[in-house]
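To start, the structure itself, in structure tokens.
The values are calculated or read from the model by the stated rules, or taken from the named source; none is laboratory data. Since the structure is predicted, the reported quantities are computational estimates derived from the model, not experimental observations. Every residue, glycine among them, receives a Cβ derived from its backbone with ideal geometry; neighbour counts consider all protein chains shown. For the accessible areas, the whole protein counts, side chains as well, though only heavy atoms, and no ligand, DNA or RNA atoms are used. Shrake-Rupley method; radii C 1.70, N 1.55, O 1.52, S 1.80 Å.
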Amino acid sequence: MCHIKIQNLSFSYQTQKPILTHFSASIEIGSKTAITAPSGYGKTTLLLLLAGLLKPQEGTILFPSSCKKVSMVFQENRLLPSINIVKNIKLVNPKLSDNAILSLLKKAGLSFYALRKPAYLSGGEQRRIAIIRALAADYDLLLLDEPFTGLDIDTKKQMIDFITEQTTNKTVILVSHNPEDFIGYKIIPIFPPNL
């Protein structure tokens, strides 16, 4: 089996205490993995390192050749306010047709909002669009950072099912504070740096 291999990873922000210290893990390609830890122990930092948006200060992250393209749902929605939802989604995958985007929106119950700009959507609706946009990208690895923030119970269940349906045979790494969000996921904990 191919794995993403995280070896002795350490990272701190400038003069702050270390966020990650000698963290190691092996994540199987095609698996669903949840990263768990209390707040402040480096869950988001780990995702940013995996995405290549931060560089390890010590240690390495080794990706197999079959896992080079990354898509991510950030804690913030990061939708461009000046363009409509279809165009926001197309930013991550210009080859995707409008009909394919509308199909994704329909499956998530959001086709009505296709031509609206983000400001005309609620926070929960924007969150769902951010998830759809990440799934619409051409990716091997999907990183989800607290993806269900602001969603009610029923909508969250709908989006969990939607993500599961859309990520068959894909590698998914999820960060969430809620244990029920990662039922069926392999759990990898991050322990405090001083342990």
remark   = For the table 107/156; 117/156; 5/90; 90/186, the rows whose alpha-carbon distance is greater than 20 Å are 117/156; 5/90; 90/186
query = Candidates [x] 60, 48, 38; [y] 49, 35, 27; [z] 50, 32, 31; which is the computed Cα extents along the principal axes in Å?
reply = [z]
remark   = Check: C-alpha center segment 118-194 vs C-alpha center segment 4-39, spacing in Å is 18 Å
query = Given only helices, namely DSSP H runs of n ≥ 4 each adding -39500 (n - 2.57), what is the per-residue ellipticity at 222 nm of the chain, to the nearest 500 deg cm²/dmol?
reply = -8000 deg cm²/dmol
inquiry  = Quick check: pseudo-label points 7 Å beyond the Cα along Cα→Cβ at residue 164 and residue 3, how many nm apart are they?
reply    = 2.6 nm
ask   = Among 175, 92, 73, which one shows the biggest mean-square fluctuation in a GNM of the chain, springs joining Cα atoms closer than 10 Å?
value = 92
task = Please give the contour-minus-distance gain from residue 28 to residue 98: 0.36 nm per residue of separation, less the Cα-Cα distance, rounded to one decimal in nm.
result = 21.9 nm
note = Measure of exposure for residue 60: accessible area at 1.4 Å probe, Å² rounded to 10, is 60 Å²
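Mind checking the dipole of segment 144-187: about its Cα centre, +1 per Lys or Arg Cβ, -1 per Asp or Glu Cβ, Debye to the nearest 20? List each step's numbers first, then the result.
Values: 4 positive and 8 negative charges, 43 e Å.
Dipole magnitude for segment 144-187 comes out near 200 debye.
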task = Would you be so kind as to identify which of 155, 46, 96 lies farthest towards the positive end of the dipole of the chain, taking Lys and Arg as +1 and Asp and Glu as -1 on Cβ and the Cα centre as origin?
result = 96
query = Relative contact order, percent, of the chain when contacts are C-alpha pairs under 8 Å separated by at least 6 residues?
reply = 31 percent
Potential lengthening between residue 112 and residue 186 on full extension [0.36 nm per residue; Cα-Cα distance subtracted] = 23.1 nm
request  = Could I have the simple spin-label model distance between residue 154 and residue 53, label points 7 Å from Cα toward Cβ, reported in nm to one decimal?
outcome  = 3.2 nm
request  = Could you order 72, 159 by accessible surface area, starting with the largest, using a probe radius of 1.4 Å?
outcome  = 72, 159
task = Any chance you could look up the accessible area of residue 125 with a 1.4 Å probe, heavy atoms only, rounded to 10 Å²?
result = 30 Å²
